[in-house]
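All remarks here apply to the structure that follows.
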């Protein structure tokens, strides 16, 4: 997915940006994954997250009421953990609900094959738990919240 740089002053959106925003609007759960670059999320991930601003006037603004799993991967523990912390902070700022479990993956210790299977079974279990938490929260919470879509102004 190649997104143009987010610019709130530009009202026209590319087809890819429209698809991203529409997908997020309909989602009850999201999993955010970022490499750790210099101790934080990558610029490309941050740019994609900036498009969440287009949901500000929705009935469910930003990531409100959505379960969000957070996964960070970097070479070394310091960047991995600070990137995971940054993801969780961003989710809070966007009114999302980070799952209780997040994953900090050290690329010096784990890799993924061509099918996305991690080399460490413990990592596989962790990622599956995160996915389960997203689904459990999303299915339980959405039934008691407003439907997605444009409509209300944020608080």
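Every read-out reported here was derived from the displayed coordinates using simple, explicitly stated rules and does not represent laboratory data. These numbers were taken from a predicted model, which means no experiment stands behind them. All Cβ positions, glycine included, derive from the backbone under ideal geometry; neighbour counts span all protein chains shown.
Its relative contact order, with pairs defined as Cα atoms under 8 Å and 6+ residues apart, puts the chain at 28 percent.
Beta-bridge orientation, the chain: approximately 25 percent antiparallel, per DSSP, counting only bridges with both partners inside.
Residues 137, 112, ranked from the fewest to the most other C-beta atoms within 10 Å, line up as 112, 137. Dividing the Cα radius of gyration of the stretch 70-134 by its Kirkwood radius returns 0.99 for Rg/Rh.
Spacing of the modelled spin labels on residue 141 and residue 128, each 7 Å from Cα toward Cβ, amounts to 2.4 nm. The Kirkwood radius of the stretch 15-142, taken over pairs of alpha-carbon atoms, gives through the Stokes-Einstein law at 10 °C and 1.306 mPa s a diffusion coefficient of 106 µm² s⁻¹. Helix 77-93 and the longest principal axis of the C-alpha atoms of the chain enclose an angle of approximately 20°. Here the stretch 1-72 yields Rg over Rh of 0.96, to two decimals, using C-alpha coordinates and the Kirkwood radius. Sorted ascending by nearby beta carbons within 10 Å, beginning with the fewest, 77, 97 become 77, 97. Estimated at 0.36 nm per residue, the fully extended path between residue 23 and residue 120 surpasses their Cα-Cα distance by 31.8 nm. As a proxy for reagent exposure, 141, 38 were ordered by neighbouring Cβ count within 10 angstrom, fewest first; the result is 38, 141. Helix-only arithmetic for the chain: the sum of -39500 (n - 2.57) across DSSP H runs with n ≥ 4, divided by the residue total, places the mean residue ellipticity at 222 nm at -12500 deg cm²/dmol.
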